[in-house]
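Enquirer: Got a structure here, written out as structure tokens. Questions coming.
The values are calculated or read from the model by the stated rules, or taken from the named source; none is laboratory data. Since the model is a prediction, treat every value here as computed from it, not as a measurement. Heads up, the Cβs are rebuilt from the backbone with ideal geometry, glycines too, and the neighbour counts pull from every protein chain shown.
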Amino acid sequence: MKFVAVLQKEMRDQVRNRKLLFAMLFVVGMAYLIMYTEAGPTKDSISVLDAFFDMFRMFCPFLGILMGMDAVIGEKERGTLELVLTKPLSRTTLLLGKFAACAISLVPLLAIELILAYYWAQISGISTYRWQLPMPPLGQWLAMVAILCLLCALYIAIAIFVSLYARSTTSSALMSMTTIMPGSPLGTEILKWVGWSDVGSLSWPYKIIISMFEKYQEYALTSAADFWVCALSLVSLTAILLLVAGWRFEKQDTTFR
């Protein structure tokens, strides 16, 4: 019941500070850009899936960071953290409630929007008259949706973890953004540098290590076995981050100076 109380409070806060509205407009805007501007598939595109994945893979980390960047530091800045901690609940429960509220606010919205985009592209005929490309199988599209949703959840957890140590909400956001490297061209170059550019030939322990990298996530959309390796790795990393964050928060001096 304590967890539910935290979840309800955080959900109200998400609505009050308009984060949920911004996230909704952002996700809808990205889908519109892909479908009706030059940001979408072009004559050089191999697949409709590639354009959607590239765009959302680039911005999903920012959405996750936006939702979780003020989880703890925001309470400190508002002077409400000490009051919240006087309630009969553990700090770990507080963090898990904050994470759940962020994930519930963002992940279903992203999943619904991407699934609607899939069917709209077929019903409207845009995949034929604008892109001249067939839509990928629904199973492959849902694999992309799952990876993007798990990625959002992971970056919410990263932002919450960083917010434990940041001195301000702004610094929390900036520090969290340094972790988006695996999804950038620099991440691909790092894989080349260590000799892991052929991700399909790697053994599964190495695939777990590179589960955050865009190159492997894109490859996982073409292989059922690799999809499960990637998805379970992202889930495990999120869970570990939350457990470590809860453990550190229990031991942390919460005085804000």
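Enquirer: Within the range 121-168, track down each residue that is aliphatic (A, V, I, L, M) and within 30 Å of residue 77 (Cβ to Cβ).
Expert: Selection gives 150, 151, 153, 154, 156, 157, 158, 159, 160, 162, 164, 166.
Enquirer: Looking at the range 57-71, I want the residues that are farther than 16 Å from residue 242 by Cβ and have a partner that is among the basic types (Lys, Arg) and surrounded by fewer than 24 Cβ atoms within 10 Å (Cβ to Cβ) with Cβ atoms under 7 Å, at least 6 apart or on another chain. Which pairs are those?
Expert: Listed pairs, sorted by first residue: 66/19.
Enquirer: Right, next: Go through the range 203-219 and report how many residues are over 17 Å from the mean Cα position of the chain (by Cα) and either among the hydrophobic types (A, V, I, L, M, F, W, C) or assigned to a helix (DSSP H, G or I) (or both).
Expert: Selection size over the range 203-219: 7.
Enquirer: For residue 106, all conditions in the list (1) within 12 Å of the chain's Cα centre (by Cα); (2) outside any helix (DSSP H, G or I) hold save one; what is the number of the exception?
Expert: Just one mismatch for residue 106, condition (2).
Enquirer: Do we find that residue 101 is part of a loop (DSSP other than H, G, I, E, B) and either under 25 Å from residue 216 (Cβ atoms) or among the hydrophobic types (A, V, I, L, M, F, W, C) (or both) in this structure?
Expert: Judged against the criteria, residue 101 is not a match.
Enquirer: If the Cβ limit is 9 Å and pairs must be 6+ apart or interchain, which residue in the range 228-253 that is among the aromatic types (Phe, Trp, Tyr) pairs with which residue that is at pLDDT below 95?
Expert: Cβ pairs passing all conditions: 228/220; 247/92; 249/72; 249/91; 249/92; 249/94; 249/95; 249/164.
Enquirer: Going residue by residue through the range 20-35, is there one that turns out to be without any contact (Cβ under 8 Å) to a residue 12 or more places away in the chain, out of contact with any strand residue (DSSP E or B) (no Cβ under 6 Å at 6 or more places or on another chain) and in a loop (DSSP other than H, G, I, E, B)?
Expert: no
Enquirer: Checking the structure you have, find out if any residue of the range 9-20 is over 30 Å from residue 88 (Cβ atoms), at pLDDT 75 or above and under 21 Å from the mean Cα position of the chain (by Cα). Let's see the steps before the verdict.
Expert: Of all residues in the range 9-20, those over 30 Å from residue 88 (Cβ atoms) come to 18.
Filter once more, so that each one left must be at pLDDT 75 or above: 18.
If we keep only those that are under 21 Å from the mean Cα position of the chain (by Cα) as well, we get 18.
Within the range 9-20, one or more residues are over 30 Å from residue 88 (Cβ atoms), at pLDDT 75 or above and under 21 Å from the mean Cα position of the chain (by Cα).
Enquirer: Of all residues in the range 156-168, which are at pLDDT below 90 and either closer than 22 Å to residue 58 by Cα or small (Gly, Ala, Ser) (or both)? Break it down stepwise before answering.
Expert: Step one: of the range 156-168, the residues at pLDDT below 90 are 164-168.
Selection gives 166, 168.
Enquirer: Report whether or not residue 10 is without any contact (Cβ under 8 Å) to a residue 24 or more places away in the chain and buried (at least 17 other Cβ atoms within 10 Å of the Cβ).
Expert: no
Enquirer: Oh, and also: I'm checking my understanding of the structure. Among residues of the range 193-227 that are among the aromatic types (Phe, Trp, Tyr) and surrounded by 13 or more Cβ atoms within 10 Å (Cβ to Cβ), which one is nearest to residue 49 (Cα to Cα)?
Expert: Filtering first and then ranking leaves 219.
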